[in-house]
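The values are calculated or read from the model by the stated rules, or taken from the named source; none is laboratory data. Model, not experiment: these values are computed from the prediction. Here the Cβ positions follow ideal geometry from the backbone for every residue, glycine too, while neighbour counts run over all protein chains shown. Just so you know, the surface numbers come from the protein's heavy atoms only, side chains and all, with ligands and any DNA or RNA stripped out. Shrake-Rupley method; radii C 1.70, N 1.55, O 1.52, S 1.80 Å.
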Amino acid sequence: DGVATSRVYGGRFETIANDTGNTISEGSYGQRGENVYEITGQSLLRQAPISFNCMMISATQLNCTAAAGNQFSLIRRQGMS
């Protein structure tokens with residue numbers, strides 16, 4: 001029910017707008033500690049760098065904080081690869 005869907009694969013990610021199908025951000029991710037992940041990349045909408053730190057709270061959910069301080073969750077949907 002979000003506005004975008006992120007696809008993650010092999011240390012890379014891309015985020016697609018659900019309404020248009022356009023790629024709105026892309027970049028890389030990596031584990032930085034036990035249950036801690038760092039995501040960095042580029043917002044293609046704003047033409048600006050993005051950076052998030054995320055904590056894995058379950059096998060299907062990451063809680064993230066952006067460098068600017070806003071918070072959000074990434075949730076893995078069943079049946080998606």
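Observations
- Test result for residue 28, surrounded by 13 or more Cβ atoms within 10 Å (Cβ to Cβ), touching a residue at least 40 places away in the same chain (Cβ under 8 Å) and part of a strand (DSSP E or B): no
- From 50, 75, 57, residue being at negative phi and modelled with pLDDT of 95 or more: 57
- Tally of residues being surrounded by 14 or more Cβ atoms within 10 Å (Cβ to Cβ) and in a loop (DSSP other than H, G, I, E, B) across region 31-75: 1
- Residue count for region 1-17 under the criterion of being farther than 17 Å from residue 70 by Cα and either open to solvent by less than 80 Å² (accessible area, probe 1.4 Å) or of a type in the set (A, V, I, L, M, F, W, C) (or both): the result is 9.
- With respect to the conditions (1) of a type in the set (S, T, N, Q); (2) closer than 20 Å to residue 7 by Cβ; (3) modelled with pLDDT under 95, residue 63 lacks only one, and its number is (3).
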